[in-house]
Amino acid sequence: MTKFVFVTGGVVSSLGKGIAAASLAAILESRGLKVTMLKLDPYINVDPGTMSPFQHGEVFVTDDGAETDLDLGHYERFISSKMKKVNNFTTGQIYESVIRKERRGEYLGKTVQVIPHITNEIQEFIHRGAAGAEIAIVEIGGTVGDIESLPFLEAARQLSLRAGRNNASFVHLTLVPYVAAAGELKTKPTQHSVQKLREIGIFPDALLCRSDRAIPDDERAKISLFANIREEGVISVWDADTIYKIPQMLRAQGLDTIVCEALGINPKPADLSMWDKLVYALENPKEEITIGMVGKYVDLTESYKSLTEALRHAGIHTESRVNIEYVDSEEIEAQGTDSLKKFDAILVPGGFGKRGVEGKIKAARFARENKVPYLGICLGMQVALIEYARNMAGLGQANSTEFDPETPQPVVALIDEWQNADGKVEKRDENSDLGGTMRLGAQTCAIKPNTLAAEIYGNVVTERHRHRYEANNHYLTRIEQAGLVVSSRTATEDLCEIMELPRDVHPFYIGVQYHPEFKSTPRDGHPLFIAFVKAALAQKQS
Ligand code: GLN
């Protein structure tokens, strides 16, 4: 039977609850337990797919095509189990499911209520996501005291009651702010937030106290007394310069011991040597490179979490420090590409919408003409294709219908828009690979031998997608004749998966229609990012 650890948050959001939960999971995994993780999001949106990246940061995509909270990305980077649709759900999904049941008459005429119907549904969803694991770490989004997250907390309490003794544990993450004027750490917000939890009947076994500094023992003792948590359970989590230090920080203070005791288990001791090694590699690079990441400035920080992590992982596995500098593509539009000269490599990440796109096209051209290593991801592949079509294949008006719906040369378009030579419209239907409007989730494609892609991946590539537009096959032959190589295509619909320039023309120029960053982990890195960083290192030396 699965045992549960619920991780709740108090005082304020954005304290790194996801990373703390994932770090605990990593420790438990290193103790030989089969661990999975779930994220419960209290908002009404059915999934974060439609939410603005400014509000919600990156949308993480799983193998099975779920658009999920970015915390699932942390989970996959910290533990080895893969996340699926069922590992993340929202209030919106719970209500949708309950209302559907109600319409089908499944509640037999009863009044449908938050307790027990919504809370039961939440518990069912938790069990569904936890199935097969020895330990499920369940992170409850939001902050204790919010109206939105109350049903989730209530469901967690009920689930722990039903699971019985030693089958559920609660860990609460709070803030212990340092007030400079008083020269003191303040424990009051933490006391209040634990009181709030106790009001709902949840008694945490451990408190993770976030602060900018380590919390001295006398303050920990005070928190212990007021919050009614044994002193070893009051754990200090100070700001770390890398998230990969957190497992060791929590382990050193015995969080896993407290949780295992609460769950009545005593597995083999933790072995975090892998984490120690990668923190060492991060902190002791032998070389250094700087990558220019070209995008819409505002998008560039929180919305590319997985991407910046993937580049960091590549640094770990090439003993190099990978600096990322953000370049606003609208600035390139206005001022040209001079600002790109200083970079060892150029990356154009995924993105949506017309704004700034001409700047990205210019960046792709700059990288191609100056033989600077280039990695184009999703939109970054599409702009490289448009650039090549315009400047090398005589398709001067090439564009994507996303940016110019009237373009006479739609080299990138929705499949529905592709015209056959005889004018017949090819339709993307629900029986095809692509289902609805977005191509989502993992797909496996063969790779053309003797290409850069084959060097990186071998014979096949399985990566995750999240996009609407595709390279238009009606133009690809002409573009290929002009020298660009399509090195991988999807099996059923023959869609362009990877494109590249031959090695005798350019040292490293590759565009991929998928998002490789979702599958990079600190322990293994990712072959494409490692190859890209190696190309940048070679560029620097040349
Ligand atoms: N906007 C492009 C599309 O929808 C690219 C999407 C992306 O980069 N994720 O196809």
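Read-outs throughout are calculated quantities, based only on the coordinates presented, and are distinct from any laboratory measurement. Note that this is a predicted model, so its numbers are computed, not measured. Glycine gets a Cβ as well: all are built from the backbone with ideal geometry, and neighbour counts include every protein chain shown.
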>> Neighbour counts of other C-beta atoms within 10 Å: give me Ser14, Ser160 arranged from fewest to most.
In response: Ser14, Ser160
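Within 10 Å of each candidate Cβ there may be at most 13 other Cβ atoms; applying that plus a DSSP loop requirement, which trypsin sites (Lys or Arg not before Pro) in segment 87-143 survive?
Here the trypsin sites (Lys or Arg not before Pro) that fit, given the DSSP loop and packing criteria, are Arg104, Lys110.
With a 10 Å Cβ neighbour count serving as the proxy for reagent exposure, in which order, fewest first, do Arg220, Arg468 appear?
Listed from fewest to most nearby Cβ atoms, that is Arg468, Arg220.
Using a ≥ b ≥ c from the Cα gyration tensor of segment 235-314 (square roots of the eigenvalues), is it rounded, prolate or oblate, where a/c under 1.5 gives rounded and otherwise the larger of a/b and b/c decides, a/b for prolate?
Cα axes put segment 235-314 in the prolate bin.
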>> Using each residue's phi in segment 59-64, evaluate 6.51 cos²θ - 1.76 cosθ + 1.60 at θ = phi - 60° and report the 3J(HN,Hα) Karplus result to the nearest Hz, with x for Gly and Pro.
In response: 9, 8, 10, 8, 3, 7
> What are the lysines whose alpha-carbon lies under 16 Å from the alpha-carbon of Lys186, with same-chain residues fewer than 8 places away excluded?
Replying inline: Lys222
> Once phi is turned into θ = phi - 60°, what whole-Hz ³J(HN,Hα) does the Karplus curve with 6.51, -1.76 and 1.60 give for every residue of segment 9-19, x standing for Gly and Pro?
Replying inline: x, x, 6, 9, 8, 6, 9, x, 4, x, 6
> Under the Karplus relation 6.51 cos²θ - 1.76 cosθ + 1.60, θ = phi - 60°, what is the ordered set of whole-Hz ³J(HN,Hα) values for segment 509-519, x standing for Gly and Pro?
Replying inline: 9, 9, x, 10, 7, 9, 10, x, 4, 5, 10
> Which angle from 0 to 90°, rounded to the nearest 10, does the C-alpha axis of helix 305-316 make with the longest principal axis of the chain?
Replying inline: 80
> Using the alpha-carbon centroid of each, what span in Å lies between segment 445-466 and segment 169-229?
Replying inline: 50
>> Given an 8 Å cut-off on Cα distances and at least 6 residues of separation, report the relative contact order of segment 125-281 as a percent.
In response: 19
> Going by how many other beta carbons lie within 10 Å of each one, how would you line up Thr143, Thr492, fewest first?
Replying inline: Thr492, Thr143
> Among bridges DSSP assigns within segment 1-146, what percent are antiparallel (round to 5)?
Replying inline: 10
>> To make sure I understand the rule: partners must be lysines, Cα under 30 Å from the Cα of Lys342, and not fewer than 8 residues away in the same chain. Which ones qualify?
In response: Lys286, Lys296, Lys305, Lys354, Lys360, Lys362, Lys371, Lys519, Lys534, Lys540
> What is segment 1-143 by shape, rounded, prolate or oblate, if you read a ≥ b ≥ c off the alpha carbon gyration tensor as root eigenvalues and call it rounded for a/c under 1.5, prolate for a/b larger than b/c, and oblate otherwise?
Replying inline: prolate
> Given H placed on each backbone N at 1.01 Å, which residues far from Asp47 in sequence or on other chains put an amide H within less than 5 Å of it?
Replying inline: none
> How much mean residue ellipticity at 222 nm does the chain get from its helices, if each DSSP H run of length 4 or more adds -39500 (n - 2.57) and you divide by all residues, to the nearest 500 deg cm²/dmol?
Replying inline: -10500 deg cm²/dmol
> Looking at the chain, what % of its DSSP beta bridges pair antiparallel, to the nearest 5?
Replying inline: 30
> Based on the Kirkwood radius over alpha-carbon pairs, what is the Stokes-Einstein translational diffusion coefficient of the chain at 20 °C with 1.002 mPa s viscosity, in µm²/s?
Replying inline: 86
> Among Gly57, Gly394, Ile246, whose Cα lies farthest out toward the positive end of the dipole of the chain, if unit charges sit on the beta carbon of Lys, Arg (+1) and Asp, Glu (-1)?
Replying inline: Ile246
>> Could you tell me which residue out of Leu15, Leu28, Pro48 lies farthest along the dipole of segment 1-51 toward its positive end? Charges go on the beta carbon: Lys and Arg +1, Asp and Glu -1, centred on the Cα centre.
In response: Leu28
>> On C-alpha positions alone, give me the angle between the axis of helix 273-283 and the longest principal axis of the chain, in degrees, nearest 10.
In response: 50
> In segment 101-200, how does Rg compare with the Kirkwood Rh, expressed as the Rg/Rh ratio over alpha carbon atoms?
Replying inline: 1.10
> Loop-only check: which trypsin sites (Lys or Arg not before Pro) in segment 300-346 are DSSP coil with at most 10 other Cβ within 10 angstrom?
Replying inline: Lys341, Lys342
